[in-house]
Amino acid sequence: MEYFLNEQQKMIKSLARRIAEEKILPVRAELDEKEEFPWAIMKDLADADMFRVFIPEEYEGLGGGCLELCLVTEELSRACSGVAISYAASALGSFLLLEYGSEEQKRKYLPDIASGKRLAAFALTESTAGSDASAIRTTAERERGGYVINGTKQFITNGGEAEIYTVIALTDKTRGPRGASAFLIEKDTPGFSFGKKERKMGIRASSTRELIFRNCLVPEENMIGREGMGFIMTMRLLDKSRPGVGAQAVGLAQGALEAAVDYARNRVQFGHPIISLQAVQLMLADMAIQVEAARLLVYAAARTIDNGAKKFTEESAMAKVFASDTAMKVTTDAVQIFGGVGYMKDYPIEKMMRDAKITQIYEGSNQALRTAIASELRKRKGMQE
Ligand SMILES: Cc1cc2nc3c(=O)[nH]c(=O)nc-3n(C[C@H](O)[C@H](O)[C@H](O)COP(=O)(O)OP(=O)(O)OC[C@H]3O[C@@H](n4cnc5c(N)ncnc54)[C@H](O)[C@@H]3O)c2cc1C
C-alpha cells in the first residue's frame with residue numbers, strides 16, 4: 001500500500017523500526033516478565049531524536065505533527081506496545097502545554113521533553129472518574145500565591161518515571177465541568193508523591209501508578225490556559241491523541257500478522273506447512289485486510305488533524321475504535337494460528353494479545369467512543385458532502 005509519506009516521515013518511520021528491531025525485540029519478553037520500565041530504550045529513543053518528532057522547531061523539536069508521532073508509536077508497538085506507550089505518554093503529557101501553554105511555560109519545559117531528558121505524563125483519571133471525567137474530586141484551591149492541590153489520580157501512565165505532569169483539578173467545585181483547570185506539576189514538588197505501581201495484564205513494560213497530592217503548592221504560573229478551561233482543553237487533547245492509540249493498535253496488529261505468517265510458513269502438519277491450508281489462508285487474508293484498513297483510518301485521522309481541521313472528534317474516535325478492535329481480533333487470531341504454542345510464553349504472540357486489550361479501554365473506552373460517534377450522527381441533518 002502506498003501511504004504517500006514524505007521523505008522526512010519515511011525516515012522517521014524507518015529509524016523507529018530500526019530501534020525497535022535492534023533494541024526492543026531482544027529484551028521485550030524480559031521487560032514484560034519483570035514489569036520493568038524501559039529506561040535504556042527511552043535513552044536510545046532520545047539519542048535518535050524521537051522525542052523531538054512531536055515538538056515544534058522553535059522549542060528544539062523537529063516540527064512534526066500527529067502523523068509523525070503515530071509513525072513512531074506504530075513502529076515501536078510492532079515490537080512492544082509497553083515500550084511504545086511509555087514513549088507516546090510523554091507526548092500525551094505535552095499536548096496541553098503545546099496547544100495552550102504560555103510562551104514562558106513552553107520555553108521552560110518543551111526543550112527538555114524534546115531532548116528526552118525529562119518524560120511527561122497526563123493525569124485525569126481518578127477512582128471515581130473514568131469515562132465520566134467530570135466526576136473528578138482532586139481540588140486546586142487558590143492559596144499562598146498559588147494553588148494547593150489535594151487528591152489522588154489513578155492509573156497514570158509514566159507515573160513515577162515522568163518528571164513533568166499535566167494534572168486536571170477542580171478550581172471551582174460548584175461549576176461542574178466548567179470548574180476544572182490544568183496544571184503543570186513537577187515530580188519533586190513538596191506534597192506530591194506516588195502510590196502503588198499497578199500490576200497489569202499487558203503493556204507491562206510501561207509504568208502505571210497513582211499520583212497523590214497532599215497540600216501540594218503549585219505556583220500560579222503553572223496553570224495551563226485559563227481557569228475553568230480544564231475539561232474543554234482535555235476533550236480537545238483526547239481528540240488529538242486518540243489516533244496515537246490507534247497507531248499503537250496498528251503496530252501491535254502488524255507485529256502479530258507478521259509473526260502468524262512466519263509461523264504458518266514453517267509449521268508442518270499433515271505433511272505440509274499450515275499456510276497451505278485454506279482455513280489458515282483465509283484467516284491471514286482477513287487479518288491483513290483489517291490491518292491495512294486500520295492503518296489507513298489512523299493515518300487519515302492524523303492527517304485531518306495536521307491539516308488544521310477545526311473539529312475531528314468523530315474521525316479521531318473512529319480511528320481509535322476501529323484500530324483497537326482490529327488489534328484485539330488480529331492478535332487473537334494470531335494466537336489461534338500458532339495453536340498450542342501460541343498460548344505459551346515461549347512465543348511473543350500471547351503477549352501481543354494481552355497488550356492489545358488495553359487499546360480498547362483507555363483514552364475513551366470503545367463503548368463510550370461509539371456513543372460519542374452516534375451522538376454526532378444524531379446531530380447531522382441531510383446528506384454529507
Ligand atoms: C493501563 C492504563 C493506563 C492508563 N493511563 C492513563 C493516563 O495516563 N492518564 C489518565 O488520566 N488515565 C489513564 N488511564 C485511565 C483510562 O483512560 C480509564 O481506565 C478509561 O477511561 C476507562 O475508565 P474506567 O476504567 O474508570 O472504566 P469505567 O468508566 O468505569 O467503564 C466501565 C465500563 O462501562 C462502560 N462505559 C462507561 N461509560 C460509558 C458510556 N458513556 N457509554 C458506553 N459505555 C460506557 C465502559 O466502556 C466500560 O466497559 C489508564 C488506564 C489503564 C488501565
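The values are calculated or read from the model by the stated rules, or taken from the named source; none is laboratory data. Nothing here was measured: the structure is a model prediction, and the numbers come from that model. All Cβ positions, glycine included, derive from the backbone under ideal geometry; neighbour counts span all protein chains shown.
A quick yes/no check of all residues on (1) within 24 Å of ARG242 (Cβ to Cβ); (2) over 18 Å from the mean Cα position of the chain (by Cα):
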{"residue": "ARG265", "(1), (2)": "no, yes"}
{"residue": "PHE270", "(1), (2)": "no, yes"}
{"residue": "VAL280", "(1), (2)": "no, yes"}
{"residue": "GLN290", "(1), (2)": "yes, yes"}
{"residue": "ARG295", "(1), (2)": "yes, no"}
{"residue": "TYR299", "(1), (2)": "yes, no"}
{"residue": "ILE305", "(1), (2)": "yes, no"}
{"residue": "ALA309", "(1), (2)": "yes, yes"}
{"residue": "THR313", "(1), (2)": "yes, no"}
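Yes or no, residue by residue, for (1) touching a Gly at 6+ places or on another chain (Cβ under 7 Å); (2) surrounded by fewer than 14 Cβ atoms within 10 Å (Cβ to Cβ); (3) of a type in the set (Lys, Arg):
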{"residue": "ASN266", "(1), (2), (3)": "no, yes, no"}
{"residue": "PRO273", "(1), (2), (3)": "no, no, no"}
{"residue": "MET283", "(1), (2), (3)": "no, no, no"}
{"residue": "ASP286", "(1), (2), (3)": "no, yes, no"}
{"residue": "VAL291", "(1), (2), (3)": "no, no, no"}
{"residue": "VAL298", "(1), (2), (3)": "yes, no, no"}
* List every residue pair whose Cβ atoms sit under 8 Å apart, with the two residues 6 or more apart in sequence or on different chains, where the first one lies in region 205-230 and is at pLDDT 95 or above and within 15 Å of the ligand (Cβ to nearest atom) and the second, anywhere, is in a helix (DSSP H, G or I) and acidic (Asp, Glu). => ALA205/ASP32
* Asked: Is there any pair linking a residue in region 240-265 that is more than 16 Å from LEU25 (Cα to Cα) and free of Cβ contacts under 8 Å to residues at least 12 places away in the same chain to one that is surrounded by fewer than 24 Cβ atoms within 10 Å (Cβ to Cβ) and among the aliphatic types (A, V, I, L, M), with Cβ under 6 Å and at least six apart or on different chains, and which?
  -> ARG265/ILE275
* Asked: Looking at ALA88, ALA162, which one is closer than 28 Å to VAL298 by Cα, assigned to a loop (DSSP other than H, G, I, E, B) and within 16 Å of the ligand (Cβ to nearest atom)?
  -> ALA162
* Failed item, numbered, when LEU110 is tested on (1) in the same structural domain as ALA84 (by TED's automatic domain parsing); (2) within 11 Å of the ligand (Cβ to nearest atom) -> (2)
* Within region 173-197, count every residue that is surrounded by 16 or more Cβ atoms within 10 Å (Cβ to Cβ) and acidic (Asp, Glu). => 0
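Tell me which residues, restricted to region 80-113, are among the small types (Gly, Ala, Ser) and touching a Pro at 6+ places or on another chain (Cβ under 9 Å).
Within region 80-113, GLY82, SER86 qualify.
So that you can scan it fast, the table gives a plain yes or no per residue for (1) on the phi < 0 side of the Ramachandran plot; (2) surrounded by 15 or more Cβ atoms within 10 Å (Cβ to Cβ):
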residue	(1), (2)
ARG199	yes, no
ARG204	yes, yes
VAL218	yes, yes
GLY225	no, yes
* **Positions within region 319-354 being within 14 Å of SER81 (Cα to Cα) and assigned to a loop (DSSP other than H, G, I, E, B), in sequence order** => PRO348
* Count of residues meeting criterion [at pLDDT below 95 and over 24 Å from PRO243 (Cα atoms)] in region 347-385 -> 3
* Asked: Restricting the search to region 126-155, which residues are within 16 Å of the ligand (Cβ to nearest atom), assigned to a loop (DSSP other than H, G, I, E, B) and within 18 Å of CYS216 (Cβ to Cβ)?
  -> ILE136, ARG137, THR138
* Just wondering, is there one or more residues in region 153-172 that are surrounded by 16 or more Cβ atoms within 10 Å (Cβ to Cβ) and farther than 27 Å from SER207 by Cα? -> yes
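I need the full set of residues from region 100-124 which are outside any helix (DSSP H, G or I), farther than 20 Å from MET223 by Cβ and of a type outside the set (Gly, Ala, Ser), in order please.
Matches in region 100-124: LYS117, LEU119.
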* Asked: When you go through ALA374, ALA327, ALA317 one by one, which is the residue that is within 16 Å of the ligand (Cβ to nearest atom) and either free of Cβ contacts under 8 Å to residues at least 40 places away in the same chain or among the polar types (S, T, N, Q) (or both)?
  -> ALA374
* Asked: Do we find a residue being within 16 Å of the ligand (Cβ to nearest atom), in contact (Cβ under 8 Å) with a residue 60 or more places away in the chain, in contact with a strand residue (DSSP E or B) (Cβ under 9 Å, 6 or more places away or on another chain) and over 14 Å from SER241 (Cα atoms) anywhere in region 57-77?
  -> no
